[in-house]
Amino acid sequence: MMCTLVDMRLIIIASQYNINTWKILQLEVPKKHHDVCTVQPLSPKEGLEEKLLLESIAWPETPSLLTPLSLNETSYPAKSTFTILPQTGGGQWHVGDKLKVLIKMCDFQGHPKKSGGDVLFARLHNPTLGAGVAGKVEDHLNGTYSAVFSLLWEGSVTLVHPSEAVTVLRRLNSEQPDRVIFQSLFYSGSISETTICNVFLRSTEQPLCNYTDLHTGEPWFCFKPKNLNCDTRINHSKREVKQNLKCQFQLQDLLVSLCCQDRKVKDLLITTTTISGLSGYYYKDEWQTLSGTKVQQFNTPSAITQCLKGKVVHLYGDSTIRQWFEYFNGALPGNLKEFDLNSHKQNGPFMAMDIPNNILMTFRCHGPPFRCHPVPISELRYIANELDNVIGGTNTVVIFGIWAHFGSYPMEVYIRRLQSIRRAVIRLLNRSPGTVVIIRTANPKALTLFESLANSDWYSLQNDKVLRAIFKGLNVHLVDAWEMVLAHHLPHNLHPQPPIIKNMINVLLSYICPIKSG
């Protein structure tokens, strides 16, 4: 069966004049870049791990961008096709079977692509059943791709695709890692100055202040104020994304929704067949795992309170973790009372208590590069250092998620951050083996111009793979936000909508309060 691709999204960084004269603009950046970055050397073991991780996520070569390159030569979803391959041995599909789709990418002129490197997201979704499952995509490096789904119900195929932009995105992180601008205010007496800060700073004659963390080795630098000392720094904030790049970027989000006949299955009965590489699926709008801890439904405040009773819950990370803290505050009105710490509503820190049920919950943002409103330096702490101050034990839950603010940097920066957090997790579990450690993964998002330049889904996909690899084998639990967002029918968003968050919380609480066997 041959169909046009359904709801494929092509993300291209381009300049639009009209449909026939779109051009892909090649980056023109100074050859000299991110000259200042001093980091502690990795141990031989961690250095080898970094090398292997980079090899494991190596992306296929993408076309070099000649100047000018017509959009006509780039991947175009409306001219691309997919073929649902026949069942092995023929016959009908049944629930639990594997559905395999062959995708053939073409350009705007309908010419088949000859190389790989497109980024494809795939899912099956049935709104009537409130059902959805993500698919796995394999790049054959010749312009064709395979998407494999577990056929748990009848439904349709939806593919989401950003393509040639990978060439630009790869170069952006190599040549413009400082494109998200951070700043700090320095203040003493009647004198105040603001200077630029980052992991990487371009060489100038202006002296630097080195704020590399002495314990974790995480690098951070600011240009030294002209009239103040480095120890007068009082806050940290994100200012903007650089607007003075040598080339202008304009994101074109081409949504093509074309009709495709659904493939039907014989039986609608959900099975619990384990699908290799997938963590779960939605059915009746509830997330079910395919292996491991069974997901329970915590639908009432009393059920949530009973699970958290006597627990200390520490949450660390970015705003996608803060979202969980906010969920608990809203789900337990009158019980979980938040203390007013005079914190910014987006930055934290936050603390809430349910005294009758002996519940303590805290949230703290991760250290730089945290994109935030001005936050006092005293409140800007690295997750690894915070974990070293956790006593731990069977009534302690540690939750963290750190990914959304690392999209503008080379992968090595993210790997080193996770390695330092892993060392702290290992120390915590060694001194307090009963501590429950839960990690939130990355998730797909709505790709605005800012998100595409600073945190494209292509970056998040790479980060997600690295995070899973680094914590593999440890006694930790993952909330698979990537699949839970990808498989759901709601639009992708950096901060997933409430129905998805509720399902994430159900997974989280199921780890904290698993069903006792026997």
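The values are calculated or read from the model by the stated rules, or taken from the named source; none is laboratory data. Nothing here was measured: the structure is a model prediction, and the numbers come from that model. When we count neighbours, we look across all protein chains shown, and the Cβ atoms used for this are built from the backbone with ideal geometry, even at glycine. To get the accessible areas, we keep the full protein, side chains included, count just its heavy atoms, and leave off ligands, DNA and RNA. Shrake-Rupley method; radii C 1.70, N 1.55, O 1.52, S 1.80 Å.
Non-local amide H neighbours of Ser80 (under 5 Å, H modeled in plane, Pro and chain starts lacking H): which ones?
Residues meeting the criterion, in which the H sits 1.01 Å from N, are Leu5, Cys106.
Express the accessible area of region 392-518 per residue in Å², computed with a 1.4 Å probe while the remaining protein chains stay in the model.
31
For region 291-512, which whole-number percentage of the solvent-accessible area (1.4 Å probe, protein heavy atoms only) is attributable to carbon and sulfur atoms?
C and S atoms contribute 56 percent here.
Cα gyration tensor of region 288-360, axes a ≥ b ≥ c as square roots of the eigenvalues: rounded (a/c below 1.5), prolate (a/b > b/c) or oblate?
Oblate, because a/c is 1.5 or more while a/b does not exceed b/c.
Going out from 0 in 5 Å bins, what whole percent of all Cα-Cα distances in region 405-456 drops into each bin?
For region 405-456, the pair-distance distribution reads 4, 16, 19, 18, 15, 11, 9, 5, 2, 0.
Let a ≥ b ≥ c be the square roots of the eigenvalues of the Cα gyration tensor of region 291-512; is it rounded (a/c under 1.5), or, if not, prolate (a/b larger than b/c) or oblate?
Rounded, because the longest to shortest axis ratio a/c is under 1.5.
Got a sec? Which residues in region 291-327 would a label at Ser432 touch, if it sits 7 Å along Cα→Cβ and we count backbone N under 13 Å?
Flagged as within label range: 311-315.
Identify all aspartates and glutamates with a Cα-Cα distance to Lys516 below 14 Å; exclude those on the same chain that are fewer than 8 residues away in sequence.
none
Taking 0.36 nm per intervening residue step and subtracting the Cα-Cα distance, what contour gain separates Ile391 from Ile355 on full extension?
11.0 nm
Between Ser517 and Glu138, what length comes free when the chain is fully extended (0.36 nm per residue of separation minus the Cα-Cα distance, one decimal in nm)?
Full extension from Ser517 to Glu138 adds 132.6 nm.
How much length, in nm to one decimal, is gained on full extension between Gln497 and Ile191, taken as 0.36 nm per residue of separation minus their Cα-Cα distance?
105.7 nm
Give the aspartates and glutamates reachable from Lys98 as a straight Cα distance under 20 Å; neighbours fewer than 8 places away on the same chain don't count.
Glu138, Asp139, Glu154, Asp262, Asp267, Glu483
What residues qualify as long-range amide H neighbours of Ile438, i.e. H under 5 Å apart, gap of 5 or more or another chain, H built at 1.01 Å from N?
Excluding prolines and chain starts, which carry no amide H, the hits are Val398, Ile399, Phe400, His477.
Give me the percent relative contact order of region 362-493, please, defined on Cα pairs under 8 angstrom at least 6 residues apart.
Computed over region 362-493, the figure is 28 percent.
Work out the count of Lys pairs in region 291-512 where the Cα-Cα distance is under 23 Å, with the pair 8 or more places apart or on different chains.
Eligible lysine pairs with Cα atoms under 23 Å apart amount to 14.
Please enumerate, by chain and number, the aspartates and glutamates with C-alpha under 18 Å from the C-alpha of Lys224, excluding those fewer than 8 residues away in the same chain.
Asp35, Asp178, Glu193, Glu205, Asp213
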